[in-house]
Amino acid sequence: MNKKIAVLPGDGIGPEIIEQAVNVLKAIEKKYNHQFEYHYGLIGATAIDKTGNPYPDETHELCLSSDAILFGAIGDPKYDNDPSAKVRPEQGLLKMRSNLGLYANIRPVKSYDILLDASPLKNDRIKGADFIVVRELISGIYFGKPRGRSEDQTIAYDTCVYTKDEILRITEKAFQFAQHRKKKVTLLDKANVLATSRLWRETVVEYAKQFPDIELECNYIDSAAMEVITKPTKFDVILTENLFGDIISDEASVITGSLGMLPSASIGAKIALYEPIHGSYPQAAGKNIANPMATILSAALLLEYSFGLLEESRAIVAAVDKAMQEGFVTEDINNGKCSTSQVGDKIVEFINSI
Ligand code: IPM
Ligand code: MN
């Protein structure tokens, strides 16, 4: 198979973890006889430094002309401490999601037996947890208009808007995933208070009627925030809007024990982007200590979702599992002793020998 991959390392630890994921993809190419081309682009603080724009037009063109996008991380503390900064790295991410139409954000969460003790949650609660969060990514309060401040600066407002079509297309995705999983969708909303949530609930309940084999549950986001860490095994596919999905997916990451393990996919009608859910971890940048597994697992999702290469994707997941089992892990996991590149090298070695 011949494919073009846009590679956007971004900020902080982005370049280091991306390097390992690309090495892993190269090992897959060799072993399974594929040809992937890697084209690098700028995004985030690095892009602001070089071009003044956190998502330059060239990067957008590169993404549009590629078959999939592999992305590292965005964010730099020099902007976090400056609330008056006009251009912020995060704007690049939001612009990219919106301009590429990446409406479905998929965040798989599972507990690894070897990491049970790394989670602050009780083992018996989280053992066996395995679900995905399907988060709407390009609408809702993140993008709704009007937004801003009153002239005297004493009032601020954001607007949450959803159309039925926006809800339907993400609902369709959630049901497709449920079809291949445990056949359960849980919609999280605040339909007791919000008009947008009532439209979500009405639309999803109506849509679900076509799929009698899929169980639909509708929960309020506040009580689900409790259940996601007290009864995580009850979930299979969580379907929710942009802001609720942002919050619940960070909360759910506690189940896994390390943020450094969680990959994600952002899927649009034409193209999809793959990235670890953690941030740019600036304190670790350049030190070769960050966990590359989430990015490597994101590359596995890329092969499965964008290229349909299931066997290749499973080989990566198996190699990551083996590295964990055998203790080839970075310091965030059970005080691991390996560096970023040692973990990457081991995973490549395991792919070659599986
Ligand atoms: C995420 C991040 C982003 C979001 C930020 C960096 C804009 O938290 O991908 O979850 O809020 O969507
Ligand atoms: Mn977030």
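Modelled spin labels at L243 and E331, positioned 7 Å past Cα toward Cβ, are 3.7 nm from each other. Looking at the range 261-354, the trypsin sites (Lys or Arg not before Pro) that sit in a DSSP loop and have at most 15 other Cβ atoms within 10 Å of their own Cβ are K270, K287, K337.
Hey, which of these cross-link pairs are over 28 Å Cα-Cα: K26/K337; K231/K287; K164/K190; K3/K95; K287/K346; K50/K95? Beyond 28 Å: K231/K287.
Comparing I277, I289, I114 in a Gaussian network model of the chain where C-alpha atoms under 10 Å apart are linked, the largest mean-square fluctuation is found at I114. Fully extending the segment from Y305 to R125 would add 61.8 nm, taking 0.36 nm per residue of separation and subtracting the current Cα-Cα distance.
Across the range 141-153, computed HN-Hα scalar couplings (Karplus, 6.51 cos²θ - 1.76 cosθ + 1.60, θ = phi - 60°) run 5, 5, 10, x, 10, x, 9, x, 10, 6, 4, 7, 6 Hz from first to last residue, x flagging Gly and Pro. The label-point distance for D117 and R147, in a model that sets each label 7 Å from Cα toward Cβ, rounds to 4.4 nm. Projecting label points 7 angstrom from Cα along Cα→Cβ for E37 and I155 puts them 5.4 nm apart. Distance between the C-alpha centres of the range 1-53 and the range 218-283: 23 Å, rounded to the whole angstrom.
Counting neighbouring beta carbons within 10 Å and listing from fewest to most, the residues I229, I351, I221 come out as I229, I221, I351. Here the chain carries DSSP beta bridges of which approximately 40% are antiparallel, counting only pairs with both residues inside.
When the chain is treated as a GNM, springs tying every alpha-carbon pair under 10 Å, which of R149, R107, R201 comes out with the largest mean-square fluctuation? Comparing R149, R107, R201 in a Gaussian network model of the chain, the most mobile one is R149. Comparing G41, G72, G144 in a Gaussian network model of the chain where C-alpha atoms under 10 Å apart are linked, the largest mean-square fluctuation is found at G144. For the range 120-255, give the share of DSSP beta bridges that are antiparallel, in percent and rounded to the nearest 5; count only bridges with both residues there. Here the antiparallel bridges make up roughly 10 percent for the range 120-255. Ellipticity at 222 nm from helices only: DSSP H runs of n ≥ 4 in the chain, each -39500 (n - 2.57), divided by the residue count, give -12500 deg cm²/dmol.
The calculated FRET efficiency for A85 paired with D213, based on their beta-carbon distance and R0 = 35 Å, is about 0.10.
Taking each of K31/K182; K122/K234; K209/K234 in turn, the alpha-carbon distance tops 27 angstrom for K31/K182.
Per-residue extension of 0.36 nm, minus the Cα-Cα distance of K164 and D57, leaves a gain of 35.5 nm for this segment.
Per the Debye calculation on the range 120-255 with a single equal scatterer at every Cα and no solvent contribution, log₁₀ I(q)/I(0) for q = 0.13, 0.15, 0.18 Å⁻¹ amounts to -0.57, -0.73, -0.98. Across the range 254-259, coupling constants 3J(HN,Hα) worked out from phi with the 6.51/-1.76/1.60 Karplus curve, θ = phi - 60°, read 4, 4, 6, x, 9, 4 Hz, and Gly and Pro carry x. The order of R198, R97, going from fewest to most other C-beta atoms within 10 Å of their C-beta, is R198, R97.
Any read-out appearing in this document is the output of simple, stated calculations on the displayed coordinates, not a laboratory observation. Predicted model only: the values in this text are computed from it and were never measured. Glycine gets a Cβ as well: all are built from the backbone with ideal geometry, and neighbour counts include every protein chain shown.
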